[in-house]
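The values are calculated or read from the model by the stated rules, or taken from the named source; none is laboratory data. Computed from a predicted structure; not experimentally measured. Here the Cβ is made from the backbone with ideal geometry for all residues, glycine too, and neighbour counts use every protein chain on show. The area values use the complete protein model at the heavy-atom level, side chains included, leaving out ligands, DNA and RNA. Shrake-Rupley method; radii C 1.70, N 1.55, O 1.52, S 1.80 Å.
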Amino acid sequence: FLGSTGVETMAEVSAQLAKGKTLAGLRDFTIPYGIKLLQGKPKDLIVKAHKVSDNESEASIISQFVKDGKPMGEPTLHYKGTYRFEDAAPAPVKIELPKLPKVEWEGHLKELLYHPKRLFMFGNFDTIDNIEGCDGKTVVMKLHNKWKGPFFQNIASPAFLTDPVVMDGVFQACGFIEFMVGSESILPYRISSATFYRHVETHGEYYCVATQVGRSDEEKTRVFNADLCDKDGNVFVRIEGFQMIAVAKVSPEDSVSNKFRMV
């Protein structure tokens with residue numbers, strides 16, 4: 001259950017309280033405990049939202065083991081975040097796409113990026129089209145959600161509030177910086193704030209500008225800011241204070257960082 005699917009799931013339930021307003025922002029998003037299938041057994045998820053002000057709702061995703069119809073133990077909190085809905089989207093923002101050193105690689109880009117032992121996903125989350133440039137701190141990537149088959153509830157091309165495929169592409173772009181200069185697999189952990197300026201259209205073509213702005217080897221975190229925009233620099237989503245956490249060392253035989261070079 002990817003971080004971006006958590007963002008979307010809680011946005012959907014929060015929208016039920018927003019009475020037709022527009023999703024404008026997200027803050028204090030955290031993943032205290034990732035969702036996994038233990039021993040392949042399905043787990044029911046409980047998604048909740050409650051209003052904390054006129055324009056904000058706090059949402060959460062929890063799970064509860066049930067045996068013979070009775071809850072067992074304490075529920076586990078997996079995701080939480082506060083969503084802001086307004087009468088209109090925030091005022092438009094435009095950036096200039098940075099000109100960065102080109103990146104060259106050996107082999108097929110998709111096979112290099114989506115190696116299963118580096119925790120990326122295949123199929124509908126195969127989002128990165130091209131690496132436009134990278135200087136070791138900032139990367140520009142071209143993203144495209146090409147998946148048109150069944151998705152959640154077997155719906156083809158559902159009308160998302162925040163396209164989780166494209167959003168996961170933004171997270172992947174941030175992870176690529178560590179991929180280029182480090183040796184650890186990192187996963188989403190926190191988002192200080194995200195602003196939604198425009199609706200992300202499913203199957204649209206986008207560019208992500210992601211910059212690493214901090215790291216803590218002691219806490220095993222990397223911190224990024226990222227903009228999702230079109231080719232003209234019109235920003236759709238701005239993410240600030242996005243923390244990813246290192247979960248494992250990439251073994252030398254599984255690493256392909258030496259296949260990429262900045263020129």
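In Å and whole numbers, how far do the C-alpha atoms of the chain stretch along each principal axis, longest first?
Here the spans come out as 57, 46, 40 Å, largest first.
Rounded to the nearest 10 Å², what accessible area does Val247 have for a 1.4 Å probe in the complete protein model?
80 Å²
Rounded to a whole number of µm²/s, how large is the Stokes-Einstein D of the range 83-224 at 4 °C and 1.567 mPa s, given Rh as the Kirkwood radius over C-alpha pairs?
On the way: Rh = 16.5 Å.
Answer, rounded: 78 µm²/s.
Taking only protein heavy atoms and a 1.4 Å probe, what accessible area per residue, in Å², does the range 129-252 have with all protein chains in place? If you can, show how the numbers build up before the last one.
Values: 5070 Å² over 124 residues.
Accessible area per residue: 41 Å².
What is the magnitude of the charge dipole of the chain about its Cα centre, with +1 placed on the Cβ of each Lys and Arg, -1 on the Cβ of each Asp and Glu, and no other charges, expressed in debye to the nearest 20? Kindly include the intermediate steps, with their values, before the conclusion.
Numbers: 32 positive and 34 negative charges, 81 e Å.
Its charge dipole is roughly 380 debye.
Give me P(r) over the range 45-108, computed from all C-alpha to C-alpha distances, binned every 5 Å, as integer percentages.
Taking every Cα pair in the range 45-108, the percentages come to 4, 11, 12, 11, 10, 9, 9, 11, 11, 7, 4, 2.
Farthest toward the dipole's positive end in the chain, which of Ala91, Gly73, Val52, given Cβ charges of +1 (Lys, Arg) and -1 (Asp, Glu) about the Cα centre?
Farthest towards the positive pole: Gly73.
222 nm [θ] for the chain, helices only, -39500 (n - 2.57) per DSSP H run of 4+, per residue, to 500?
Working: 3 runs with 36 residues, N = 263.
Taking each H run of at least 4 residues, the total per residue is -4000 deg cm²/dmol.
Longer than 27 Å from Cα to Cα, which of Lys21/Lys80; Lys137/Lys231; Lys94/Lys259; Lys51/Lys220; Lys21/Lys94 are they? Say none if no pair is. Walk me through the numbers on the way to the answer.
Numbers: Lys21/Lys80 21 Å; Lys137/Lys231 21 Å; Lys94/Lys259 33 Å; Lys51/Lys220 33 Å; Lys21/Lys94 23 Å.
Result: Lys94/Lys259; Lys51/Lys220 exceed 27 Å.
If you roll a 1.4 angstrom probe over the protein chains with everything in place, what fraction of the accessible area of the chain belongs to carbon and sulfur, to the nearest %? If you can, show how the numbers build up before the last one.
Values: 6950 of 13490 Å².
C and S atoms contribute 52 percent here.
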